[in-house]
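Since every read-out is calculated from the coordinates, none of them should be taken as a lab result. The shown structure was predicted, so the numbers you read here are calculated from the model rather than taken from an experiment. Here the Cβ is made from the backbone with ideal geometry for all residues, glycine too, and neighbour counts use every protein chain on show.
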Amino acid sequence: MPLSAAAPRPSAPEAQAAADEPIGAVQPAKPVARRPVVRPVAADEAPDGPPCPACGTPNLPGRQFCRRCAAPLRVREQPAALPWWRTVWPFRRRVRGGSGGRGLRRLLLVTVLVGLLFAGFMLVPFGRYLFEDVRDKLGGTAEISPSAVSASAAAPGHPASAAIDGLTNKYWGAPALGDSLTCSFGKPFRLVGVVVHTGVSKEPQEFRRGARPIGADLLVTTADGTVHEKAVTLNDKPGQQTIRTGISDVVSVRLILRDAAGQGEGRPIAVGEVEFFQRT
């Protein structure tokens, strides 16, 4: 069987000449990624344990992480959801057991509750007053007549009853300053206003001839015995003058004369008419 011819070897001078030639740039080789090595499953990793919560691969009970995806096998228990009031400062912070924050939180809660109770105690009377005042302005009014009237003093011919008879040409005559007129009512009512007619007449000339009050104190007594005092300034002119009150459960009203104009010898201080109005 014939043998193939072998490649001729270079002579010694040619090999020496090739070795003396300079070496040029060489292109680097491309890196080759290592192929993954499949590790065989050992006997202790047999699929007979609880499954992984992430991928479902069975794992032995003693393992901490999944043998396939490395997910933690022991999931931490999530804390319970906080109630809505625990999400508001200063109660939204979770306090570790044994720390002093729990006591501080309770102290803040008690302080807030006491503050709310105090604010409610202070604001309830004002709120009730505002509510009743709005009702007075939106509601209607009607005149109410006293069931009894009396005076601390009266000039001859000018009794206290003349102040509530509905006539302005008749009047209660007070002999001096400090005298008072008291009107009582049969049942409590909401007094929204008092109308006072001063002077001996509504005619301007007759009005100037007599003495008339220009200052008085209005004392309103309620069913529980509370007395509401109001200083009143009256205009020195004929006609009605309205005094707004807004007081509930009124049982009596007392008018005390404090100042007057046109006083003289034999001139009693004239109060022509006093009218009372309730809310309807």
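Structure values in brief
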{"read-out": "Simple label model, 7 Å out from Cα along Cβ direction - residue 68 to residue 217, nm", "value": "9.7"}
{"read-out": "Residue 33-residue 206 pseudo-label distance in nm [points 7 Å out on the Cα-to-Cβ vector]", "value": "12.0"}
{"read-out": "Highest to lowest packing among 250-257, 73-80, scored as the average C-beta count within 10 Å", "value": "250-257, 73-80"}
{"read-out": "Computed FRET value (nearest 0.05) for residue 236 with residue 152, which takes r as the C-beta separation and R₀ as 30 Å", "value": "0.80"}
{"read-out": "Gap separating the Cα centres of region 115-190 and region 262-280, nearest whole Å", "value": "14"}
{"read-out": "Partners for residue 202 among lysines (Cα-Cα distance below 19 Å; same-chain residues under 8 apart left out)", "value": "170, 237"}
{"read-out": "Length-normalised contact order of region 124-249 in % [C-alpha pairs under 8 Å, at least 6 apart]", "value": "23"}
{"read-out": "Residue 110-residue 244 FRET efficiency (beta carbon distance; Förster radius 51 Å; 0.05 resolution)", "value": "0.75"}
{"read-out": "Set of lysines near residue 137 by C-alpha distance (under 26 Å), chain-local residues within fewer than 8 positions excluded", "value": "187, 230"}
{"read-out": "Pairwise FRET efficiency - residue 129 versus residue 261, Cβ, R0 = 22 Å, nearest 0.05", "value": "0.05"}
